[in-house]
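Step one of this worksheet: look at the structure below.
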Ligand SMILES: *Cc1c(COP(=O)(O)O)cnc(C)c1O
């Protein structure tokens, strides 16, 4: 049972260490962490790891993940970080402690659902500061909405405000950009005549401000997923030193099913591949190739997996097969051998959610 392949190995010790290191670094600067588990599609063991590492909330964009964690016995503050569908309002009132919101009609509906249950639901009202995904663009409308919630909605508590950058618009979480959120929070506080508990200043990309020690005063929460699951983006794209974090929380293993020397250019009249594409094939003569029993059904896109072993390179894949060039591999591969891959966020969402992958915790 346990040695079914492909398998995804998750090192919970390393994950926990990553979360704790980032949490402490943030707390030293007055910032709490909402631990975002959507990258690992809300796996229970991963969520428990975030809980044990002491995050402020367990957060995800998907209601089904929250519901299944709750039903699995997770008794910990949970946050819904995709502004919700109208059709999710009853589940929000039932299962979610805090939600990000941007539409008054939806907030009103959540208010009704919370009222029916005799509860008060916390929300973080989202402002769009230029990344152009969720949130109010019109800042007057934002203030009016905050005031309306405060005065009129008895079963909604305006816990704070937040923003998201670097997702659609690739906007950088600069000190100036995040200061706009702090300014806005002061305006809201003036309007409603009290302090806000939370000013939520973005995701992993905002960790740059923690690493540079220049996060604006007033921000007190970040919602972090990638930065603890992989800790890769800030190092690879921005040159930040992430060496205090583990980069091997996830490891993918697949089994070799064929090893043969074959031409590198297809032989025959070429048309389209399995996905109706017309790829270019480089002719490198005859080379040794290994076929492994894993494919797009498991990992999504071939560019999101990375062979770990020297001398092994990706050639191509279809739904259930991946072709590796192993001509330069020192190991003499045979069917039944196991090949290891590093993965990234893009493939983890598939690997962690498909029935075809055997997930093992180490
Ligand atoms: C996904 C998401 C996050 C976490 O993003 P990471 O880059 O993985 O840290 C935070 N906030 C919102 C609103 C999100 O959708």
| task | On a C-alpha basis, how far is the centre of segment 288-348 from the centre of segment 170-236 in Å? Whole number, if you could? | result | 38
| request: Could you check which residue among 158, 104, 178 shows the biggest mean-square fluctuation in a GNM of the chain with a 10 Å Cα cutoff? | output: 104
| What ranking of 26, 329 emerges when the number of other C-beta atoms within 10 Å of each C-beta is taken as an exposure proxy, fewest first? | 329, 26
| In what sequence do 280, 121, 213, 265 fall when counting other Cβ within 10 Å, fewest first? | 280, 213, 265, 121
| request: Just subtract the alpha-carbon distance of residue 310 and residue 287 from 0.36 nm times their residue separation and send over the number in nm, one decimal. | output: 6.7 nm
| task | Could you let me know the centre-to-centre spacing of segment 92-135 and segment 17-67, using Cα atoms, in angstrom? | result | 20
| Considering only the chain, percent of DSSP beta bridges that pair antiparallel, nearest 5 | 45
| task | With everything on Cα atoms, drop me the angle between helix 175-192 and the longest principal axis of the chain, reported from 0 to 90° to the nearest 10. | result | 30
| note | Expected max-MSF residue from 236, 315, 228 in the GNM of the chain (alpha carbon, under 10 Å) is 236
| For q = 0.11 Å⁻¹, Debye-computed log10 I/I(0) when each Cα of segment 228-292 counts as one equal scatterer | -0.58
| request: Round to the nearest 10 and give me the degree value, 0 to 90, for the angle of helix 139-152's Cα axis relative to the longest principal axis of the chain. | output: 60
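Counting other beta carbons within 10 Å of each Cβ, put 71, 187 in order, fewest first.
Values: 71 9, 187 15.
Listing 71, 187 from fewest to most nearby Cβ atoms yields 71, 187.
No value in this document is a laboratory result; all are computed from the given coordinates. Owing to the predicted nature of the structure, the values given are computational and were not obtained by experimental measurement. A quick note on method: Cβ atoms are made from the backbone with ideal geometry, for glycine too, and the neighbour counts reach across all protein chains shown.
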